[in-house]
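The values are calculated or read from the model by the stated rules, or taken from the named source; none is laboratory data. Quick caveat, the model's predicted, so the values are computed rather than measured.
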Amino acid sequence: RKGFHNSFDEDGKDNDNDNDNVTKRDIIHMQRFAIDSINLLEEQLRMNDRTSISTDEERGIRVVAVSKCIGVSSSGHHGLKVGPDVKYRFAYRIRIENFNKPENEEDGSDSECSSTVQLLGRTWKILEDENEYSKSGNDTDVDDQREVNVVAPTTGAVGSLPVIRPGQAFEYMSGCELGSLTGTMSGCFHMAIVDADTECGQVGDPIDAFNLPKDKHFEMKVEPFKLVAEEV
């Protein structure tokens, strides 16, 4: 039978008629699997649109930021998504990776000493999309509301000043609010190159890294990532 292919199992039996044994339950299962796969792909596309990846190749540091709208807060509007008091709440996840190779104990390398970093603080710029104010019903002055700056170069992140050694990562979640449906967030992390035996700190602890020379300090840029509330 030229151009026709038969499949056989391990016993040499013809399996061409296997499709005849597909049940209605199998078809329903495959349909559900296809729908779940499409939904997962759509969610991944949405996350990709709200994610930024920033890399400092010289220092071996990478920052991944992703946001998600988690609800609407309002007072006196009984849950309505319009009005001057409406705020869209966003959660964002930050992951700071030190992708330098860990010290190789066998070769006695001291490269880890120059690749260990400590997070000292952060600076954020949060921009509300002024074109969305009419949609959200917010009639306040756009010039006063459009940009919010968070400048906190000495308070770490969520109270921590972690030391991130080669091969390690620090991850945290925080949040913000917008008066518009969409916006963007960008900024930087204030960091310092420290000795490998430096301990992590908390806000209020004495942190030796603040007294290091300026050439040990650097800013790790965080590329803009979107804040979108259209699914709420």
Q: Could you tell me whether Lys125 is of a type in the set (D, E, K, R), more than 19 Å from the chain's Cα centre (by Cα) and modelled with pLDDT of 50 or more?
A: no
Q. Of everything in the range 50-96 that's outside any strand (DSSP E or B) and among the hydroxyl-bearing types (Ser, Thr, Tyr), which residue is modelled with the highest pLDDT?
A. Ser74
